[in-house]
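Structure record follows, encoded as structure tokens.
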Amino acid sequence: MELTVPVTLAVLGGALLHAAWNALVKGSADKELDTCAVAAGAGAVALVTLPFLPIPAAASWPWLAASAAVHVLYFAFLAGAYRYGDLSYAYPIMRGGGPLVVAATAAFVFQESLKHSQWLGVLLVCGGVLAFATGPHDRRATLFAVANAAVIAAYTLIDAQGARASEAPVAYTLWFFAANALTIAAMGMMRRGVAVPHYLRRHWLRALAGGACSVGSYAVALWAMTRAPVALVAVLRETSVIFGAILAAAVLHEKLTRRRLIATGAVLAGLVALKL
């Protein structure tokens, strides 16, 4: 498997979608309810699309169940990180740590080895991503973000296995989002009660927009993992922090500092190294 130009461009497009829905959640007044809304919107998008797709192979179902369980932690930690920290601080920590774990374990899990230049690219991208996390912050934001980095590594490995076993990576992704929506909605109802359906009724368009971005981003990533080394796709996907920094500055009025511009240069240099 190789990281081709079409796959690279597709993953970069997915990275933009991922940054967009994270900015949407960060910009909301209630992070927990908005996280539930995005999950519900993604589930709705999945349910509308699933009748037109094949059923994933049975070998992928255990991976699907495991992924849905792990993603409960992902959404909980995501809401916590954005409750206490800026998008431009929490997002890079969450996205920068996971791929390092994936790259280190992919050789054992998937029997995929990287060239020296690609390892350099991994380190440059992940280092650049982590360098975005600057400025004053709440310690709780750091704890939630670091915990979510570990969760991201776990579900990336799980879903890469599941997508490859499914023989239908897009359908696998949509089944995951349908199952995940039910799980997150149930947890939201237990915590917030009728506030969840009331919020969805008022913000259904926002939920669908965020959900569509979430589904599109992850479907592209899992499709790419069936055609290129998992570690490289996982790292390439984290270029979403560049888009996140731009959105944070343009929409949320967070500062785009000199350090973050230098970090962007490191990420771009890493992308070049990944293709060598």
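The values are calculated or read from the model by the stated rules, or taken from the named source; none is laboratory data. This is a predicted model, so every value here is computed, not measured. Cβ sites come from the backbone with ideal geometry, for glycine too, and all protein chains shown count toward neighbours. For accessibility, only protein heavy atoms count, side chains too; no ligands or nucleic acids. Shrake-Rupley method; radii C 1.70, N 1.55, O 1.52, S 1.80 Å.
Kindly list the residues of the stretch 217-246 that lie in the label zone of Arg259, defined by a backbone N under 16 Å from the point 7 Å along the Cα-to-C-beta vector.
Inside the label zone: 245.
How are the Cα pair distances of the stretch 200-245 distributed, in percent, across 5 Å bins from 0?
In whole percents, the pair-distance histogram is 5, 19, 19, 20, 16, 10, 6, 3, 0.
Using the crude model of +1 on Lys and Arg Cβ and -1 on Asp and Glu Cβ, and no other charge, please compute the dipole size for the stretch 174-257 relative to its Cα centre, in debye to 20.
Details: 8 positive and 2 negative charges, 59 e Å.
Approximately 280 debye in magnitude.
Dipole magnitude of the chain about its Cα centre, charges +1 at Lys/Arg Cβ and -1 at Asp/Glu Cβ only, in debye to the nearest 20? Please report the intermediate quantities before stating the final value.
Numbers: 20 positive and 11 negative charges, 117 e Å.
Dipole size: approximately 560 debye.
For the chain, report the convex hull volume of the alpha-carbon atoms normalised per residue, in Å³, without decimals.
On the way: hull volume 31.3 nm³, N = 276.
Value for the chain: 114 Å³ per residue.
I'm a student and want to see the number: the projected area of the Cα convex hull of the stretch 73-204, averaged over all directions, in nm².
9.9 nm²
Can you compute the helix-only [θ] at 222 nm over the chain? Use -39500 (n - 2.57) per DSSP H run of at least 4 residues, normalise by all residues, nearest 500 deg cm²/dmol.
Calculated mean residue ellipticity at 222 nm is -27500 deg cm²/dmol.
Give the Rg (one decimal place) followed by the Dmax (whole number) of the stretch 208-276, computed from C-alpha coordinates and expressed in Å.
Considering the stretch 208-276 through its Cα atoms, Rg and Dmax are 14.1, 39 Å.
What does the stretch 1-118 give for Rg and for Dmax, in Å, if only its C-alpha atoms count?
16.9, 45
Looking at Val125, Ala58, Ile158, which one has the Cα that reaches farthest to the positive end of the dipole of the chain (charges on Cβ: Lys, Arg +1; Asp, Glu -1)?
The residue sitting farthest along the positive end of the dipole is Val125.
Can you send over the carbon and sulfur percentage of the accessible area for the stretch 235-276, probe radius 1.4 Å, protein chains only?
Carbon plus sulfur share of accessible area: 71 percent.
Counting heavy atoms of the protein chains only and a 1.4 Å probe, report the per residue accessible area for the chain as a whole number of Å².
That works out to 42 Å² per residue.
Please report, ordered by residue number, every helix of the chain (full DSSP H runs) that is 18 Å or longer along its axis going by C-alpha atoms and whose mean Kyte-Doolittle hydropathy reaches 1.0.
Flagged H segments are 5-26, 31-49, 87-109, 116-131, 204-225, 258-274.
Take the solvent-accessible surface of the protein heavy atoms, probe 1.4 Å, and return the percent of it on the stretch 150-230 that carbon and sulfur atoms account for.
Its accessible area is 70 percent carbon and sulfur atoms.
Which value, in nm² and rounded to one decimal, describes the direction-averaged projected area of the C-alpha convex hull of the stretch 1-58?
Computing the convex hull of the Cα atoms and averaging its projections yields 6.2 nm².
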